[in-house]
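Remarks on the structure that follows.
Computed from the coordinates by the stated procedures, all read-outs in this text should not be read as laboratory data. Fair warning: this is a prediction, and the values are worked out from it, not measured in the lab. Neighbour counts run over all protein chains shown; Cβ positions are idealised from the backbone, glycine included.
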Amino acid sequence: MANERGDAAFVAFEHVQKSYDGETLVVKDLNLNIGKGEFLTMLGPSGSGKTTCLMMLAGFETATHGEIRLAGRPINSVPPHKRGIGMVFQNYALFPHMTVGENLAFPLEVRKMSKSEIESKVKRALDMVQMGAFAGRRPAQMSGGQQQRIALARALVFEPELVLMDEPLGALDKQLREHMQFEIKHLHERLGVTVVYVTHDQSEALTMSDRVAVFNDGRIQQLAPPEDLYERPTNSFVAQFIGENNTLPGSVEAISGDRCTVKLTDGSVIDALPVNVSKPGDRTLVSIRPERVEFRDDRMPADTHKLEAEVLEFIYMGDSFRTRLRVAGNDNFIMKCRNAVDQRRLNAGEKVVIGWNVADCRALDAA
Amino acid sequence: MTDATAGKPPRGGQMLAADGTPLKVSLRRAMRAQKLRALLLISPLLLFVLLTFILPIGDMLLRSVENDIVPSTLPKTVVALQDWDPKTSELPGEPVFAGLHDDLVIAVEKKANTRLGQRLNYEYSGFSSLMRGVVRDLKSMDTSRPFMEQFIEADKKWGDPAVWRTLKTFSGEYTSGYLLNALDMQRTENGIQMKPEQERIYLKLFLRTMAMSLGITFICLLLGYPIAFLLASLPLRTSNLILILVLLPFWTSLLVRTAAWKVLLQQQGVINDILVWLGLVADNARLVMINNATGTTIAMTHILLPFMILPLFSVMKGIPPSYMRAAKSLGANDWTAFWRVYFPQSIPGVGAGAILCFILAIGYYITPELVGGTSGVFISNRIAYHISTSLNWGLAAALATLLLVVVLALYWTYDRIVGIDNVKLG
Ligand SMILES: Nc1ncnc2c1ncn2[C@@H]1O[C@H](COP(=O)(O)OP(=O)(O)OP(=O)(O)O)[C@@H](O)[C@H]1O
Ligand SMILES: [Mg+2]
């Protein structure tokens with residue numbers, strides 16, 4: 001990404017704060033650089049300030065403090081229609097009194113393009129989303145998925161360099177949503193446009209984005225490529241928000257290099273990777289993904305502490321098995337195993353010993 | 001539908017219910033009770049509307065063409081007149097005069113002569129006094145002498161064929177006379193013609209009523225649209241507060257409000273005083289703002305404004321703000337976004353408000369009566385005059401019928417141009 005190479009960012013938020021009522025900050029000190037051509041997703045629980053950030057970028061809300069720059073230019077005082085930013089709204093906001101063709105022609109008409117130019121661009125944009133035959137329809141005569149494509153085409157037809165999408169797939173059913181995720185991703189790759197995408201669906205964020213900014217409580221908790229976010233969460237909010245996660249509370253006994261020992265609440269001791277802990281005695285939440293937990297001797301590393309566990313439940317899931325265990329007083333410890341030929345099925349009540357690679361077990365903040 | 005009990009397969013193109021009756025029949029049977037109950041629920045209203053609305057309107061339509069007073073009061077005369085050709089300049093024969101004598105004797109007994117004279121006076125001015133005169137002389141008439149001479153002796157107008165022509169023209173059960181009158185037309189020897197210039201009043205009044213109603217509607221739209229827009233974009237609490245202010249005038253009697261306008265607008269009134277005090281208007285050239293069209297326009301705009309604001313507001317409330325945002329993000333400035341995206345979506349409200357205001361305005365009576373003077377009165381004031389003062393109910397009914405036709409025609413035109421399904425009242 002551009003910013004990783006150290007170039008000037010295409011979009012930059014600098015110390016941006018936002019308050020609607022003058023009492024609480026909805027966005028607290030946002031710093032974010034987005035590279036040209038990047039697909040950046042803002043992910044976070046409801047009310048974490050994602051839409052607010054997007055609206056500030058689009059110009060519909062003003063930042064209470066701080067500066068937003070687009071292509072190096074401060075845009076705090078530029079009105080929305082002069083920012084040249086394409087936008088896809090959650091309810092699509094297709095103009096109901098215009099046909100699809102007129103909807104797409106609208107941004108070109110206000111830019112005073114010639115009739116023939118408008119016609120060819122509208123046609124190209126419709127073909128791009130495979131909706132060439134629908135130019136004469138009204139939005140109300142189309143399905144949600146079709147409207148979604150038109151909204152996408154309309155946001156792209158005037159060739160903006162930056163497109164914002166606020167939960168554009170929120171109203172679609174699961175299958176259509178997954179299909180549209182692909183299409184949006186492919187369009188992004190083909191057009192090279194910068195996309196800022198808002199969602200609270202984490203699988204959407206992980207599959208589509210170059211980088212994901214995880215929002216909580218008006219702050220970015222972690223900004224990283226999807227893989228890092230999943231494999232290497234830097235705090236326990238991100239670890240728990242992204243994917244499935246087992247947590248065990250405890251306190252640090254000793255730290256040496258990239259390994260620490262943690263004493264869990266029931267007195268047992270495990271090894272973990274120190275991420276958010278600095279000294280012995282720190283309280284911590286140890287986090288480990290269900291698919292990284294092992295119970296077979298031949299797959300466990302030799303030099304780490306092991307834990308005793310009791311099988312509470314065995315769930316057959318087709319491609320995998322989920323086993324619910326009681327580990328160190330935690331009744332909701334999940335272990336996920338691939339359904340391989342040689343995989344052993346555990347039975348409820350069975351006692352096993354589990355372990356994992358130290359690198360997969362992260363000692364995070366205790367929050 | 002493989003299950004045999006769920007429904008029989010169609011036979012001869014007709015679906016059968018489980019018991020073998022055709023599906024349509026059993027559906028109708030099932031719905032009948034429901035329909036009956038629905039009808040029962042609305043029957044009080046139905047009766048009310050029938051008695052207070054449909055019947056009076058029907059009666060009015062009938063009255064505008066009804067004329068049975070002439071044939072029922074003068075049956076013999078009417079029969080005798082059938083043989084007379086009104087195109088000739090000759091008088092009708094003795095049987096007609098004899099018939100008139102007999103009819104009038106009975107009419108005087110029944111005291112129907114005054115009403116008859118009045119009725120014919122609408123068509124031939126002077127008929128009323130002619131009738132009064134002849135009734136006075138009726139007793140002294142000699143049945144052995146020809147009546148023709150005696151009538152002409154009593155008043156030589158009876159020798160004028162025009163009198164008889166009028167009688168013959170209006171001897172039918174029904175007449176177009178009121179309607180023609182309402183259109184400033186009359187029936188002459190040469191067929192239907194416009195009345196002489198100085199006698200035409202109603203067409204002008206109709207035109208003025210429509211022009212002023214349109215003007216008032218337009219002013220209401222101009223004033224109401226921004227307020228409705230503001231209301232729709234404010235947070236709910238504030239907008240409810242302002243809405244109460246909009247509705248506040250409804251809490252005061254119409255008469256009080258109109259009287260208040262008198263106080264404000266008259267030449268020695270508050271507004272003129274302020275203008276003079278400010279030096280904008282000379283003391284001896286105070287503005288005339290009441291008892292004319294200006295007064296009517298101002299007072300009616302004030303009264304009708306809420307009827308414009310409310311439908312506009314309810315439509316605007318339903319337009320999500322994301323449309324304007326989308327338009328702006330696509331590069332439209334504030335005005336273009338409003339004009340190309342917002343305004344077209346508010347058209348149903350504009351239509352509803354405009355129709356409401358216009359229809360209320362075109363039939364308005366009290367306000368023009370109180371502040372309209374002579375140049376600001378509407379056709380409804382004329383209708384009221386004929387109902388309560390001149391007692392010419394036929395003409396009043398004809399004027400009202402024409403007003404109804406005009407409104408329906410406008411409604412139809414509106415439906416053609418904008419589409420009535422494009423109107424949203426709430
Ligand atoms: N117009 C507004 N006026 C006042 N408060 C607002 C306004 N819009 C949003 N907020 C508040 O700001 C906070 C953040 O809202 P925002 O819409 O940015 O959340 P979000 O992350 O987009 O949530 P979601 O996933 O539910 O869309 C919320 O607490 C919300 O109540
Ligand atoms: Mg949101």
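Here is how the numbers come out for the structure above:
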{"quantity": "Compactness index (Cα Rg / 2.2 N^0.38 Å), the stretch A:289-352", "calculated": "1.07"}
{"quantity": "Extreme residue, positive dipole direction of chain A, given options A:46, A:301, A:134 (C-beta unit charges)", "calculated": "A:134"}
{"quantity": "Helical segments meeting 18 Å axial Cα length and Kyte-Doolittle 1.0 threshold in chain B (DSSP H)", "calculated": "B:202-233, B:293-317, B:343-362, B:393-417"}
{"quantity": "Volume per residue that the Cα convex hull of the stretch B:69-172 spans, once the total is divided by residue count, Å³", "calculated": "87"}
{"quantity": "Listed residues B:260, B:247, A:264: farthest to the positive end of the dipole of the protein assembly as shown (Cβ charges)", "calculated": "B:260"}
{"quantity": "Translational diffusion coefficient (Stokes-Einstein; Kirkwood radius from C-alpha pairs) of the stretch B:252-378 at 4 °C, 1.567 mPa s, in µm²/s", "calculated": "75"}
{"quantity": "Highest to lowest packing among A:341-352, B:300-311, A:39-50, scored as the average C-beta count within 10 Å", "calculated": "B:300-311, A:39-50, A:341-352"}
{"quantity": "Charge dipole (the protein assembly as shown, unit charges on Cβ, about Cα centre) - positive-most of A:58, B:407, A:215", "calculated": "B:407"}
{"quantity": "Where only alpha carbons of the stretch A:161-286 are counted, the Rg and the Dmax (Å)", "calculated": "18.6, 56"}
{"quantity": "Neighbouring partner chain Cβ atoms per residue of B:316-329, average, 10 Å criterion", "calculated": "6"}
{"quantity": "Computed magnitude of the charge dipole of chain A (debye, nearest 20; Cβ of K, R +1, Cβ of D, E -1)", "calculated": "960"}
{"quantity": "Pair-distance profile P(r), taking every C-alpha pair of the stretch B:70-118, with 10 angstrom steps and integer %", "calculated": "28, 48, 23, 2"}
{"quantity": "Between the stretch A:189-247 and the stretch A:266-305, the Cα center-to-center distance that results, in Å", "calculated": "24"}
{"quantity": "Computed label-point distance, nm, for sites residue B:214 and residue A:127 using a 7 Å Cα→Cβ extension", "calculated": "5.0"}
{"quantity": "CD proxy at 222 nm, helix term only [per DSSP H run n ≥ 4: -39500 (n - 2.57); per residue of chain B; nearest 500]", "calculated": "-20500 deg cm²/dmol"}
{"quantity": "Rg to Rh, two decimals, where chain B supplies the alpha carbon set and Rh follows Kirkwood", "calculated": "1.15"}
{"quantity": "Ratio Rg/Rh [Cα only; Rh per Kirkwood] for chain A", "calculated": "1.06"}
{"quantity": "Viscosity 1.002 mPa s, 20 °C: Kirkwood-radius Stokes-Einstein D of the protein assembly as shown over Cα pairs, µm²/s", "calculated": "60"}
{"quantity": "For the stretch B:126-207, the fraction of alpha-carbon pairs in successive 10 Å shells from zero, as %", "calculated": "15, 35, 29, 16, 5, 1"}
